[in-house]
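Participant: Quick one: the structure is below, questions incoming.
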């Protein structure tokens, strides 16, 4: 028998592919670690989102923030209302005063005319009457109304009775004399009229000897 050729043996011998056992083991370990870590992270996230204490703290912080905003808005509103009320109180009479300025001017003119050498009592009286009429007109434009109840029935809501006096011309219970006129503003009483009320005709008494 012939011996096999060594070259043929080398050609027919197959060397198995080399594998790096250490690298393969490390890769498998990393993959297993990643696979195991992923569910843990998702579980922790779900647990954190479902934490009632954390949710309550977040809600409390939001409510507190809204409360602070509401308090600040209310304080700003209160200051604005107070400022507007103060301005209204300061300038509420501005329109009335504007209408009274011409009256004040005419009073000054009347005083200047009264100091003239040729000034007469009649002209002075006429000037004062004119200024009085002008003043009444200006005040009536702003709702002021004079209460002069001469000859009218006594009204305790608008009149102040100072006394009573007999009268044959004015019926009992009616106003006999107005001592001081009253005033109302847009239907609201400012000052009652001071009056004397008639007690009716005087009673006649006869002595025992009279027939």
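Participant: Whether any residue in the stretch 120-136 is in contact with a strand residue (DSSP E or B) (Cβ under 9 Å, 6 or more places away or on another chain) and either at negative phi or outside the structural domain of residue 100 (by the TED database) (or both) is what I want to check.
Facilitator: So the first thing to find is which residues in the stretch 120-136 are in contact with a strand residue (DSSP E or B) (Cβ under 9 Å, 6 or more places away or on another chain), and the list is 136.
Now narrow it down to the ones that are either at negative phi or outside the structural domain of residue 100 (by the TED database) (or both): 136.
Yes, the conditions are met somewhere in the stretch 120-136.
Participant: Could you tell me how many of the residues in the stretch 142-166 are touching a residue at least 24 places away in the same chain (Cβ under 8 Å) and in a strand (DSSP E or B)?
Facilitator: The qualifying residues number 11.
Participant: Go through the stretch 109-131 and give me each residue that's assigned to a helix (DSSP H, G or I) and surrounded by 11 or more Cβ atoms within 10 Å (Cβ to Cβ). Before you say what the answer is, go through the steps one by one.
Facilitator: Quick first cut of the stretch 109-131, residues assigned to a helix (DSSP H, G or I) only: 109-114, 121-131.
Passing the criteria: 109, 110, 111, 113, 114, 123, 124, 126, 127, 128, 130, 131.
Participant: Between 70, 92, 129, which is closer than 21 Å to residue 140 by Cβ and within 22 Å of the chain's Cα centre (by Cα)?
Facilitator: Working: 70 fails: closer than 21 Å to residue 140 by Cβ; 129 fails: within 22 Å of the chain's Cα centre (by Cα).
So the residue among 70, 92, 129 that is closer than 21 Å to residue 140 by Cβ and within 22 Å of the chain's Cα centre (by Cα) is 92.
The values are calculated or read from the model by the stated rules, or taken from the named source; none is laboratory data. The structure displayed is predicted, hence computed values, not measured ones. Neighbour counts run over all protein chains shown; Cβ positions are idealised from the backbone, glycine included.
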